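Below: the structure, in structure tokens.
Values in this text are rule-based calculations from the coordinates and carry no lab data. Keep in mind that what you see is a predicted model, and the values were worked out from it rather than measured. Cβ atoms come from the backbone with ideal geometry, glycine included; neighbour counts cover every protein chain shown.
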Amino acid sequence: MNLRARRNSPGAPIDPASFIRDHTRLTPVRGLETISLYTAHEATGLWRLAANDADEAPPPYWAFPWAGGMALAHYLADHADAVAGLRVLDLGSGSGLVAIAAMKAGAARVDAAEIDPFGVAATGLNAAANGVAVRVIPRDILEDAVPAADVVLVGDLFYEQGLAERVTVFLDRCVAMGAVVLIGDPERAYLPYGRLRLLGEYPTPDVGEVEDAAMKVSRVFAFGDR
């Protein structure tokens, strides 16, 4: 039974964790082979299912590593001191890649904020598969009080104008509370360029391009007043 049929069957709600285990494969991340994620593959058909059911669910962004998240994960592997021993917030965690990378780099604690129930489940499954503990915050926190964090990590959240504006306001509040904010992004349209300082560049595939894809440059920035 496909995803659409299961949604439309009375009394047959989808269990996100079971769906992820059934429709994805635990696969090492390209270029970050010490981390494995439950990842969609060509036979999965998740993009086609999402396109056919667009009114009922967000696209399965949790099923792929994103370019900005991969850049941040690379940066943390190279600069563990950025998070080692510190409290970390991963905003818009998706698959949990950045949260897992932060824990592997020695973070004292990582909170992963994610609004998609499938992303919430994927983050938990992926953290467990990589032998780390991540606390998932399963809601939109952009209007909430800033969680206690020394470092805020943001991978690829500047692809829509409205979202980018809300994220930028939230990050300003994080900086005002004393947090260091690091952003990973392949320079999508709504990055707040005037607020960024370049820290590093990494070759990555883009979201969904997980098999033999051409590489592009993604960048890691520090956010704040320049």
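Quick notes on this structure:
- Each peptide in 157-163, 189-195 gets a packing score, the mean of other Cβ atoms within 10 Å over its residues, and the list from highest to lowest is 157-163, 189-195.
- Comparing Cα centroids, the stretch 89-111 and the stretch 121-163 end up 7 angstrom apart.
- Cα→Cβ-extended label distance, 7 Å offset, between Arg173 and Ile115, nm: 1.4 nm
- Cβ-based exposure ranking for Ser95, Ser36, Ser18, in which fewest neighbours within 10 Å come first: Ser18, Ser36, Ser95
- Remark: the stretch 111-150 projects, on average over all directions, an area of 3.1 nm² (convex hull of Cα atoms).
- Debye-sum result for the stretch 67-223 in log10 I(q)/I(0), which assumes one identical scatterer on each alpha carbon, at q = 0.09, 0.10 Å⁻¹: -0.24, -0.30
- Percentage, to the nearest whole number, of Cα pairs in the stretch 130-193 over 15 Å apart: 56 percent
- At q = 0.20, 0.24, 0.25 Å⁻¹ the log10 of I(q)/I(0) for the stretch 78-167 amounts to -0.90, -1.22, -1.29, computed by Debye summation with a single uniform scatterer per C-alpha, solvent ignored.
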